[in-house]
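Scroll down for the structure; my scribbles are underneath it.
The values are calculated or read from the model by the stated rules, or taken from the named source; none is laboratory data. Treat the numbers as computed from the prediction; the structure is a model and nothing was measured. All Cβ positions, even for glycine, are placed from backbone atoms using ideal geometry, and neighbour counts span all protein chains on display.
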Ligand SMILES: Nc1ncnc2c1ncn2[C@@H]1O[C@H](COP(=O)(O)OP(=O)(O)OP(=O)(O)O)[C@@H](O)[C@H]1O
Ligand SMILES: [Mg+2]
């Protein structure tokens, strides 16, 4: 099908009616969607709420969708020229208006902008620029092999990123370590960094189950919850410290993982996903209703903060004892505790990462990957699928439990509300979008999915919409995940004999 | 005592009876070929020997010890390796990783030696050692499937249609390698084939299966000379 490069391509004729129809469908779809979501807005006015209508915006949105879809079809059909000019003109006008508005707010240029929200205007402009770039690309590579080419390019990028992980990894780690001492790192940014790092760790933990073993787990939050409650309950009932509770929390979560693992041993794909989803909800419902033990919806408060090897981060330690700042002779700063939490989660995440990297090369880890590819073949080479699956669930869950303990000690208060399905969904999204099995991809996806939205607070509820849209786009554009690339675990001959490994 | 004894084995898929009382023996050091029409139950027999699906009745013994109700992975650990129908190599793993997976049940100390042996049998695999299994050609995948089975240092090798979909030249090569493994490594081979002519010529003994039962057996030469077999499996081919 693909003509060899260099020859002139004969384009099939364009079915104008079909093209218009397809674009119109999208426009109607967007219109219907936006009518309810954007068309009406409640506004606080003295004496109550008032409904404000914004139908103009709805029409603009439908029009943008129509033109955008038209552009996409034209690009797909190898007709980049109209898109080239159209997007260039649009982007130029938009940029002029937006920058003009920044430079001279008094001129009130926003009147001419299509959307009410500045962020959306910027996004639309960005989209136009992307279209322009694509049009240029298509113009230069006029061939049907574009899609394949793009895949190949991204594959190569992914492969290169993975290979250079030896360099990039320590580099990113270095940045992560000095980050709290950079002048930009204020309380707000540190909090975001802690949040992102938490999801990176959870993503890496879930990656063991989903990415390596290929078991689609929609209830990962259950283990997060078990870890959090294990720590909270042990700490409040028995007055134990964080470091003592951490391994217990991990073990409890691992047990929960095995508990989930047994009934789902025979299930795959969709069925497995449904049962794990149910399991996640079950744990939450138990926490909610076992009032005597977990205090139900009231949650558990007063969870002890972590200490620095026994030194608490308090301003005024009780008489006769030291706290972190007095022991080191420092000025008291409330940031100390945050920075400590930051390092704590970075350390936990690193442990998860090193564990995963290491275990991939051991028989268990290799069996996980083989199981993901073909369970029947696994049996026929002597792998016990039951034990393999159970270890994957248990170990993935253990890291979820560590993450949960961290969450509890960071918040100081937990309730079942923190462990809803949406958490599982977000963690899974981090894994899937990053590229299943790719450690760097997961970190990257966590930064994009968790970090970026924090900077778009202005978008309010549309944040989630944008989150969804971004996810859909990535899945359409690169279904295996952004940085999906599997690095082989063994190389022979060029680099000498393989390392001796213990028997299974 | 025979190495493998299958006696009176019945296997069901739900209510379909795929094997209706099968008796087969394989002696140490033999190549035994099983031929039969599509749907006769040949693959089912190989899979039943490996315990997946389980035999509903009858018994299967390996080295005189009953393995009828062992789980598949334990049967493999006893020394039976299978290159299953449809190859079933791991598509996202490299050739080398596939071979390494095959060695899951043996001491890793043997790894280098065993890999070298597979690469001597199939030099093309050595060239492709870092290529993903899924991107190999059909013939290369077949070689990899056999190679992976060999990596577990089996005493009995079960092969399900190793020549399926291969060019005539490659078919010859696959069979000559099987004969070679049998001679040099003293490997016992139980072979299911559609390619009756080659497979029977290679075999010490053969069985013919129809409708879940063994209908004929004899030495390879006998079966090749049998007029019924010639009519049913060989005419038009190499007849
Ligand atoms: N998983 C299954 N579920 C139900 N029926 C099955 C299953 N596998 C095989 N069968 C049936 O069992 C019978 C024997 O199948 P089998 O695969 O053993 O045949 P075969 O001799 O290997 O044929 P071929 O030469 O085409 O590979 C067939 O009728 C088939 O339809
Ligand atoms: Mg078959």
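I'd like to verify a number: residues in the range B:1-40 that are out of contact with any helix residue (DSSP H, G or I) (no Cβ under 9 Å at 6 or more places or on another chain) and outside any strand (DSSP E or B), how many?
10
Return the only residue of B:104, B:43 being within 13 Å of another protein chain (Cβ to nearest Cβ) and within 16 Å of ligand 2 (Cβ to nearest atom). Full working, then the answer.
On the way: B:104 fails: within 16 Å of ligand 2 (Cβ to nearest atom).
Selected residue: B:43, the only one of B:104, B:43 that is within 13 Å of another protein chain (Cβ to nearest Cβ) and within 16 Å of ligand 2 (Cβ to nearest atom).
For residue B:154, are the conditions met, namely being within 14 Å of another protein chain (Cβ to nearest Cβ) and either away from ligand 1 (no atom under 16 Å from the Cβ) or surrounded by 21 or more Cβ atoms within 10 Å (Cβ to Cβ) (or both)? Step through it out loud before you land on a result.
Details: within 14 Å of another protein chain (Cβ to nearest Cβ): yes; either away from ligand 1 (no atom under 16 Å from the Cβ) or surrounded by 21 or more Cβ atoms within 10 Å (Cβ to Cβ) (or both): yes.
Judged against the criteria, residue B:154 is a match.
Could you list, in sequence order, the residues of the range B:46-65 that are within 16 Å of ligand 2 (Cβ to nearest atom) and in contact with a helix residue (DSSP H, G or I) (Cβ under 6 Å, 6 or more places away or on another chain)?
The first filter runs over the range B:46-65 and keeps only residues within 16 Å of ligand 2 (Cβ to nearest atom), leaving B:46-50, B:52-53.
Scanning the range B:46-65 gives B:50, B:52.
Within the range B:77-93, count every residue that is at pLDDT 90 or above and either more than 9 Å from chain A (Cβ to nearest Cβ) or surrounded by 23 or more Cβ atoms within 10 Å (Cβ to Cβ) (or both).
Final tally of qualifying residues: 9.
Residues are listed down the side, and each one gets a yes or a no for (1) within 16 Å of ligand 1 (Cβ to nearest atom); (2) part of a helix (DSSP H, G or I); (3) within 14 Å of another protein chain (Cβ to nearest Cβ); (4) crowded, with 22+ Cβ neighbours inside 10 Å:
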site	(1), (2), (3), (4)
B:148	no, yes, yes, yes
B:159	yes, no, yes, yes
B:162	yes, no, no, yes
B:165	yes, no, no, no
B:176	no, yes, no, no
B:180	no, yes, no, no
B:183	no, yes, no, no
B:199	yes, yes, no, yes
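Residue-wise test of (1) within 16 Å of ligand 1 (Cβ to nearest atom); (2) closer than 23 Å to residue A:371 by Cβ.
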position: B:15; (1), (2): yes, no
position: B:35; (1), (2): yes, no
position: B:50; (1), (2): yes, yes
position: B:64; (1), (2): no, no
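Within the range B:119-145, track down each residue that is in contact with a strand residue (DSSP E or B) (Cβ under 6 Å, 6 or more places away or on another chain) and within 16 Å of ligand 2 (Cβ to nearest atom).
B:145
What about residue B:110, is it within 7 Å of another protein chain (Cβ to nearest Cβ), surrounded by fewer than 16 Cβ atoms within 10 Å (Cβ to Cβ) and touching a residue at least 24 places away in the same chain (Cβ under 8 Å)?
Working: within 7 Å of another protein chain (Cβ to nearest Cβ): no; surrounded by fewer than 16 Cβ atoms within 10 Å (Cβ to Cβ): yes; touching a residue at least 24 places away in the same chain (Cβ under 8 Å): yes.
Considered against the rule, which asks whether it is within 7 Å of another protein chain (Cβ to nearest Cβ), surrounded by fewer than 16 Cβ atoms within 10 Å (Cβ to Cβ) and touching a residue at least 24 places away in the same chain (Cβ under 8 Å), residue B:110 comes out as no.
Residue A:377: within 14 Å of chain B (Cβ to nearest Cβ) and without any contact (Cβ under 8 Å) to a residue 12 or more places away in the chain, yes or no?
Values: within 14 Å of chain B (Cβ to nearest Cβ): yes; without any contact (Cβ under 8 Å) to a residue 12 or more places away in the chain: yes.
Criteria met by residue A:377.
Could you grab me the full set of residues in the range B:68-94 that are part of a strand (DSSP E or B) and away from ligand 2 (no atom under 16 Å from the Cβ)? Step through it out loud before you land on a result.
So the first thing to find is which residues in the range B:68-94 are part of a strand (DSSP E or B), and the list is B:80-83, B:94.
Those that are part of a strand (DSSP E or B) and away from ligand 2 (no atom under 16 Å from the Cβ): B:80, B:81, B:94.
In the same structural domain as residue A:353 (by TED's automatic domain parsing) and modelled with pLDDT under 90: is that true of residue A:390 in this structure?
no
Conditions first: (1) at pLDDT 90 or above; (2) under 22 Å from the mean Cα position of the chain (by Cα). Residue A:269 passes all but one, so which condition is the exception?
It fails just one condition, (1).
Got at least one residue in the range A:56-71 being at pLDDT 85 or above and more than 28 Å from residue A:41 (Cα to Cα)?
yes
Looking at the range A:195-232 only, could you name the residues that are surrounded by fewer than 21 Cβ atoms within 10 Å (Cβ to Cβ) and over 30 Å from residue A:375 (Cα atoms)? Give the steps one after another, and end with the answer.
If we filter the range A:195-232 for residues that are surrounded by fewer than 21 Cβ atoms within 10 Å (Cβ to Cβ), which is where we start, we get A:195, A:216.
The one that is surrounded by fewer than 21 Cβ atoms within 10 Å (Cβ to Cβ) and over 30 Å from residue A:375 (Cα atoms): A:195.
On the basis of being surrounded by fewer than 18 Cβ atoms within 10 Å (Cβ to Cβ) and in a helix (DSSP H, G or I), does residue A:243 make the cut? Outline the logic, then answer.
On the way: surrounded by fewer than 18 Cβ atoms within 10 Å (Cβ to Cβ): yes; in a helix (DSSP H, G or I): yes.
Yes.
Restricting to the range A:337-363, count the residues that are within 14 Å of chain B (Cβ to nearest Cβ) and crowded, with 19+ Cβ neighbours inside 10 Å. Walk me through it before giving the result.
Taking the range A:337-363 first, the residues within 14 Å of chain B (Cβ to nearest Cβ) are A:360-363.
Add one more test, that the residue is crowded, with 19+ Cβ neighbours inside 10 Å, and what stays is A:360, A:363.
The total comes to 2.
Give the residues of the range A:383-399 that are within 7 Å of another protein chain (Cβ to nearest Cβ) and surrounded by fewer than 24 Cβ atoms within 10 Å (Cβ to Cβ), sorted by residue number. Reasoning before the result, please.
Here is the first cut: in the range A:383-399, the residues within 7 Å of another protein chain (Cβ to nearest Cβ) are A:383-384.
Within the range A:383-399, A:384 is the sole residue that qualifies.
Which condition from (1) within 16 Å of ligand 1 (Cβ to nearest atom); (2) within 14 Å of chain A (Cβ to nearest Cβ) is the one that residue B:74 breaks?
Exception for residue B:74: condition (1).
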